[in-house]
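Asks: This structure is in structure tokens; I'll ask about it shortly.
The values are calculated or read from the model by the stated rules, or taken from the named source; none is laboratory data. On a predicted model such as this, the values are computed, not experimentally measured, just so you know. For neighbour counting, all protein chains shown are included, and Cβ atoms are generated from backbone atoms with ideal geometry for every residue, glycine included.
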Amino acid sequence: MNHKELLTSLAEKTEMSQKQCQALLDVFVDITRKSVVEKQGAQMLDLGSFNVREKEQKIMFNPLTGKRMLIPPKLVVGFKASTTIKNLIK
């Protein structure tokens, strides 16, 4: 499902206009983004949770040059689906 299909479906189910649904979706995304950026995470019942985790530094080996490189630690966003979604997929 792409963004336009999501808006159309949301508008049909809520009986709101697509502009109102777009504004609602923008607010939802902004709040979720802000929560993840502040490293608090975002948890949504029956959907899953977004969280920020730190990947450790690692040593990579370049086979062409034969040199080892140190890859610094970095922060990544992860998503873990809820058990409800996992059970529906099965």
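Asks: Considering segment 24-44 alone, what residues qualify as being over 23 Å from Ala11 (Cβ atoms), out of contact with any helix residue (DSSP H, G or I) (no Cβ under 8 Å at 6 or more places or on another chain) and of a type outside the set (D, E, K, R)? Walk me through it before giving the result.
Replies: Initial filter on segment 24-44 (over 23 Å from Ala11 (Cβ atoms)): 34-43.
From the residues that got through so far, the ones that are out of contact with any helix residue (DSSP H, G or I) (no Cβ under 8 Å at 6 or more places or on another chain) too are 34-40, 43.
Selection gives Ser35, Val36, Val37, Gln40, Gln43.
Asks: Among (1) touching a residue at least 12 places away in the same chain (Cβ under 8 Å); (2) not in a helix (DSSP H, G or I), which single condition is Met1 missing?
Replies: (1)
Asks: For segment 62-86, which positions are within 30 Å of Leu47 (Cα to Cα) and either among the polar types (S, T, N, Q) or not in a helix (DSSP H, G or I) (or both)? Full working, then the answer.
Replies: From segment 62-86, those within 30 Å of Leu47 (Cα to Cα) are 73-86; that's our starting set.
Scanning segment 62-86 gives Pro73, Lys74, Leu75, Val76, Val77, Gly78, Phe79, Lys80, Ala81, Ser82, Thr83, Thr84.
Asks: Please tell me if Met1 is of a type in the set (A, V, I, L, M), under 29 Å from Ile89 (Cβ atoms) and exposed (fewer than 11 other Cβ atoms within 10 Å of the Cβ). Steps first, answer last, please.
Replies: Details: of a type in the set (A, V, I, L, M): yes; under 29 Å from Ile89 (Cβ atoms): yes; exposed (fewer than 11 other Cβ atoms within 10 Å of the Cβ): yes.
Considered against the rule, which asks whether it is of a type in the set (A, V, I, L, M), under 29 Å from Ile89 (Cβ atoms) and exposed (fewer than 11 other Cβ atoms within 10 Å of the Cβ), Met1 comes out as yes.
Asks: If Asp46 passes every condition in (1) modelled with pLDDT under 90; (2) on the phi < 0 side of the Ramachandran plot; (3) of a type in the set (Asp, Glu) but one, which one does it miss?
Replies: The single condition Asp46 does not satisfy is (2).
Asks: Need pairs with beta-carbon distance below 8 Å; first residue closer than 10 Å to Ala81 by Cα and within segment 41-64, second in a loop (DSSP other than H, G, I, E, B) and at pLDDT below 90; sequence gap 6+ or separate chains.
Replies: Ser49/Gly41; Phe50/Gly41
Asks: Can I ask one more? Looking at this structure, is Glu12 in a helix (DSSP H, G or I) and among the charged types (D, E, K, R)? Step through it out loud before you land on a result.
Replies: On the way: in a helix (DSSP H, G or I): yes; among the charged types (D, E, K, R): yes.
Criteria met by Glu12.
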